[in-house]
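Shown next, in structure tokens, is the structure this report addresses.
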Amino acid sequence: MKIDKIIVLIAALTIMGCSSDDDEQSRSYTFVNVAPPKWSVDFKGNDSSPSWLAPDPTKYESSMFIMVQLEDALVPYSTDADLMTVLINGECRAVPAVRNVDENNNISFVLKIRGNSNDRNVLFSLCYYCAALNQIFSLEGYQSFATEITYGFDEDFVPSLLKGCPKYPVQNTLTVNLPAKAPFTAADGDCVAVFVGNECRGVGTVEKPFTVFRTDENETLQLRYYSAQKGGVYTMMQTVTLTAQEEQTITLTF
């Protein structure tokens, strides 16, 4: 009889131990077998094709030239309907440029900017209209007009136009690391993504920084990890709060 009681006690403890592990797992993540996901951030906006007008050259003393190369993240969306220009204090100062595609499929825009000697510490706006996304990306900064100066010809000038996306004014650089013990082995084809609800806000790979795009600083974020080895997605149950610090690092908890 005593042996039977011991067997029952061991069985009960075993069941309790398994239940605890399962509960802990359900609290930390969920897992679903799926095909490799095609996660991407939706940059689409509602902007119409802009009516940028070429400046009257007789009003300006001089000019400067810049060649802007489109960053890799925007290249897949680029079409011949794209436009780029420069505004100074809100006034169009360059003939709106169309894209050029070289033999390496790099996309660039050549701009001739008009200006005067009294254009000192003025607001420059580099504006790019992406027709496929119906979105105008704008980078702004104060500087002085540089007479007869060229930029982007002797070396690549690739500004991060995504930083000028009005849809996502808050952006952070995030690095996601794996813990020492994970339920899978990292492999080629793995990827990690940040979500707000079911909306993807950034995609990258572990141990490499990538950008997270947010509408405001109070959004609740969640991490998902696709494991090629396991053939599925781990959705982390714990939400993530990013601070105002531009670069941050998070280690996944399994």
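Where a number appears in this text, it was derived from the coordinates with a stated rule and is not lab data. Treat the numbers as computed from the prediction; the structure is a model and nothing was measured. Neighbour counts run over all protein chains shown; Cβ positions are idealised from the backbone, glycine included.
Brief remarks on what is shown
- Region 57-164 - Rg over Rh from alpha carbon coordinates, Kirkwood radius: 0.96
- When each of Val32, Val206 is scored by the number of other beta-carbon atoms lying within 10 Å, the sequence from fewest to most is Val32, Val206.
- Within the set (i) 26.0, 108; (ii) 23.5, 71; (iii) 27.1, 93, the number that Rg and Dmax of the Cα atoms in Å takes when calculated for this structure is listed as (i).
- Gaussian network model of the chain, Cα within-10 Å springs - most flexible of Ala97, Ala244, Ala131: Ala244
- Candidates Ile136, Ile66, Ile113, ranked by Gaussian network fluctuation over the chain, Cα under 10 Å, top entry: Ile66
- Taking 19 Å as the straight-line reach from the Cα of Lys44, the aspartates and glutamates in range (excluding those fewer than 8 positions away in the same chain) are Glu71, Asp72, Asp80, Asp82, Glu199, Asp216.
- Averaging the sequence gap over all C-alpha pairs within less than 8 Å and six or more residues apart, then dividing by the number of residues, gives region 57-164 a relative contact order of 36 percent.
- Within the chain, longest stretch free of exposed trypsin sites (Lys or Arg not before Pro) [DSSP loop, at most 13 other beta carbons within 10 Å]: 45-119
- Between 0 and 90°, nearest 10: helix 2-28 axis offset from the chain longest Cα axis: 10
- Pairs beyond 26 Å (Cα-Cα), from Lys163/Lys230; Lys38/Lys208; Lys112/Lys163; Lys59/Lys167; Lys38/Lys230: Lys163/Lys230; Lys59/Lys167
- Mean separation of Cα contacts under 8 Å, 6 or more apart, over the residue count of the chain: relative contact order %: 22
- Charge dipole of region 141-195 (Cα centre as origin; +1 on each Lys and Arg Cβ, -1 on each Asp and Glu Cβ, all else neutral): 480 debye, rounded to the nearest 20.
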